[in-house]
1. Report, by residue number, each residue of segment 330-346 that is open to solvent by 10 Å² or more (accessible area, probe 1.4 Å) and not in a helix (DSSP H, G or I).
2. For segment 347-361, which positions are surrounded by 23 or more Cβ atoms within 10 Å (Cβ to Cβ) and assigned to a loop (DSSP other than H, G, I, E, B)?
3. With respect to the numbered conditions (1) under 27 Å from Lys505 (Cα atoms); (2) surrounded by fewer than 20 Cβ atoms within 10 Å (Cβ to Cβ), which one is the sole condition not fulfilled by Val665?
4. So which residues in segment 43-72 are modelled with pLDDT of 90 or more and basic (Lys, Arg), if there are any at all?
5. When you scan segment 718-729, do you find a residue that is of a type in the set (Phe, Trp, Tyr), more than 30 Å from Cys559 (Cα to Cα) and crowded, with 18+ Cβ neighbours inside 10 Å, even just one?
6. Kindly indicate the residue of segment 48-82 that is of a type in the set (Lys, Arg) and open to solvent by less than 70 Å² (accessible area, probe 1.4 Å) and also nearest to Val192 (Cα to Cα) among those meeting that condition.
7. Residue under question is Ala569, and the condition is that it be more than 30 Å from Tyr686 (Cβ to Cβ), without any contact (Cβ under 8 Å) to a residue 60 or more places away in the chain and more than 28 Å from the chain's Cα centre (by Cα); does it hold?
Amino acid sequence: MRNIAVIPRDIKMQERTTLFADVILPLSVPNLYTYRVPNDWNDMIKTGQRVVVQFGKNKLYTALVKKVHQTPPAGYQAKYLEDILDAKPIVNDSQLNFWDWITSYYLCTPGDVLNAALPAGLRFSSETKIVRNDELSLEELTEDFFTEKEWKVVFALQEKNELSIDEIVGVLGIKSVQPVIQSLLTKGAARVKEEVKEGYKPRTEAYVQMSSSITEKDLQELMPSLEKKAYKQLEVLMAYMQLSEWHTGKPKNVKKSKLLLQAGCSASVLDQLVKKGVLEIVMKEVSRLAYDENKIEKANALADFQQEAFEKIEAFFKEKEAVLLHGVTSSGKTELYMQLIEQAISEGKQVLYLLPEIALTSQLVQRLKKRWGNKVGVYHSKYSDNERVEVWNALVKNEEIQYSVIVGTRSSLFLPFSKLGLIIIDEEHDSSYKQQDPAPRYHARDSALYLAHIHNAKVILGSATPSLESYYNATTGKFGLVELNVRYGGMEMPEIDVCNVAEEKRKKLMKSIFSPFLLKNIEDALAKKEQVILFQNRRGFAPFMECNTCAHVPQCINCDVSLTYHKKADLLRCHYCGYSVSPPLSCPACGSPNIQVKGFGTEKVEEELLLFFPGAKVERMDLDSTRAKHAHSKIINQFEDREIDVLVGTQMVTKGLDFDNVSIVGVLNADSGLHFPDFRSPEKSYQLMAQVSGRAGRKNKRGKVIIQTQDPENPIIKQVVNNDYMGMYTEQIEDRKKFLYPPFTRLVEITLSNKDANDLDALAPELALELRKKFGNERVLGPEYPIISRVNNYYLKNILIKIEKEKYTIKVKEMLTEVLNAFYRKGKEYARIRVKIDVDPQ
């Protein structure tokens, strides 16, 4: 706990300059808030520091100083800062510039960006505690002065003096304790106390050192005594002298764990030497970040076609900020990235290597650390809060750990870079780069381009299946374009076969969810000790359960979706709100026991495979199987080491993973995304199938891809079979141009939500009408219910605004804010409508 310091108010200091600080609060409020700086802190306050402020009646928040100036705020009396948390700024000017752009472009608040940018360990939280009122005499109170619940809290306060909200919940055994607390405050039995709780806790480790009072003479006298009476203690002392390099005259501290291991003794033996005043144990801060001591490997020589691509990239970088590297799967894009990283490091620059998924970091980090050792840092959400703070602090202090390369997911954009020279956006087409909820709903690819602009850095975007927007920017000259059309090492592109599932079902040849052709190829691969990847873009065992008598499907009680059956947990779950329930034994509608699961997810694929191939080692990689911190790495490493024969997975298995023993890739249901009512569906379906197809193929053998579909004549299926990215691009870009979708326009999606469907139906058209008046009839679509029209008991309606790219300026934010503010002012029922704004929705 961090108790707030009392601020001195020295009257003699009043002649000094009065400073004010504009701070970013960790709240969704549109403006900065101004606080007065105590005079004696004038020399300490700096932009980029964290400060503790009071906002509202009693709440304390950790805010970030955005600006220090001498102008008092207009319209309100500035409160004093409560505390300064940092000796030096932890956020630099380049970051604040970047945050301003995110706030403006993605139509969010500075507080939204602050919460997204700072790791949780750097965001102190205000913890409310209830403290007893010592002036209240319980003896004078009648028994009915407090309710039974209030007496429980009062007695608990007598024992402990103060209680947190969680402790009061435990005392009362109920979740809703606010009414009880409020009543106690009103009756004067308690008061509120605020403390600021620090999130980051340094890791400490015990080290052993020689006591400062011990001399050489003392040791000479002590050793014979120990040899006779306490030989184990002598062994510990000798081990310490060896490990600390005592003979040099400048002994080092020794890790307690290492010392005990070397001496082969228990901690109690060491404790005896400590009690005698010979040795001392001190606690030192140590890093949580892993250090490798592997030998650094030299760079691989580029193949001729890679060298040519590298020279083209260098030439483009002389005149353009960004280059799109369009290379087929297994063309060696990563090796090109490494050459670019080497060049940036040699110039004293930092490199940010962005990946869409945590699943990709493990394999890549191993390759990078072989080249640059501990200059490589990692930053993503599976790191603990404390680990992320240590990466952040390492970049701020730039002392003990000299990171030249940071590998991370989208959140790593917010790290405090000072010498950023290159940003690599691998698999740049991936939709995981887009933040969905909460705000800011930024796209890491687009945001990285602006971040590079701030630092005067270069950007390389790489993909085998680039997004239409990026390829359009490349063909129109905004980006440079470099293409790799051959696979590294002479590997052939995989052979792609299409299985007509509809025809197989008609002939009754399907074996559960597998076609005979796919099963035969899996069998042949396993017989040759080769590996298989099966892609099914749906987790769980089955998408839904259905009564065969009345066709009733169990639904989520909070959302308008069917519940997914998870067999391992034996639960029906909602993938939107998390609601779960045990599967019914009989139909709740008609009472029939004839209930069956319908469709299939990764769980069912795994189970069915084991029935057909009981001797095979099958593993699943999806959101359910990779929740643990190192689960991704474990599965990938096992697959690389050939401990797994068949890997079943969702989108995770499609993204950039490199395995040299995979001969068969199966796409079990190619139709799942093809007919989704979204203008991006054809593009995304092509990318998924092309990417997973790229996992097939070995250095000395051509791989095979088997696509199961009920629509083999679909143009996207044919384009995947023919590896025809340009055919897909040309067809889709024409449709986008015709109907004015990106890249020819920018989209702003406004989602309105309310618990009352009638209010939403009545008020949403009013907002749409006002938007049409502002932006024009042809630019505003809706309001319409989305496919999932209710989530977490909130009904949803969408309004889509299309804006020509050249007209997308700061005025859009002003116009939209003006319309929304006027809408909210109309009345209470309008203010109850929730509004979510998503710029460039994916």
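The values are calculated or read from the model by the stated rules, or taken from the named source; none is laboratory data. Everything quoted here is computed from the prediction, not taken from an experiment. Heads up, the Cβs are rebuilt from the backbone with ideal geometry, glycines too, and the neighbour counts pull from every protein chain shown. Ligands, DNA and RNA are excluded from the accessible area calculation, which covers all protein heavy atoms including side chains. Shrake-Rupley method; radii C 1.70, N 1.55, O 1.52, S 1.80 Å.
1. Residues satisfying the conditions are Ser330, Gly332.
2. Leu355, Pro356
3. Here Val665 meets the rest and fails (2).
4. Once the filter is applied, which keeps residues that are modelled with pLDDT of 90 or more and basic (Lys, Arg), segment 43-72 yields Lys46, Arg50, Lys66, Lys67.
5. yes
6. Top of the filtered list is Arg50.
7. Considered against the rule, which asks whether it is more than 30 Å from Tyr686 (Cβ to Cβ), without any contact (Cβ under 8 Å) to a residue 60 or more places away in the chain and more than 28 Å from the chain's Cα centre (by Cα), Ala569 comes out as no.
Yes or no, residue by residue, for (1) under 23 Å from Met621 (Cβ atoms); (2) among the hydroxyl-bearing types (Ser, Thr, Tyr):
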residue	(1), (2)
Phe535	yes, no
Cys550	no, no
Tyr565	yes, yes
Arg573	yes, no
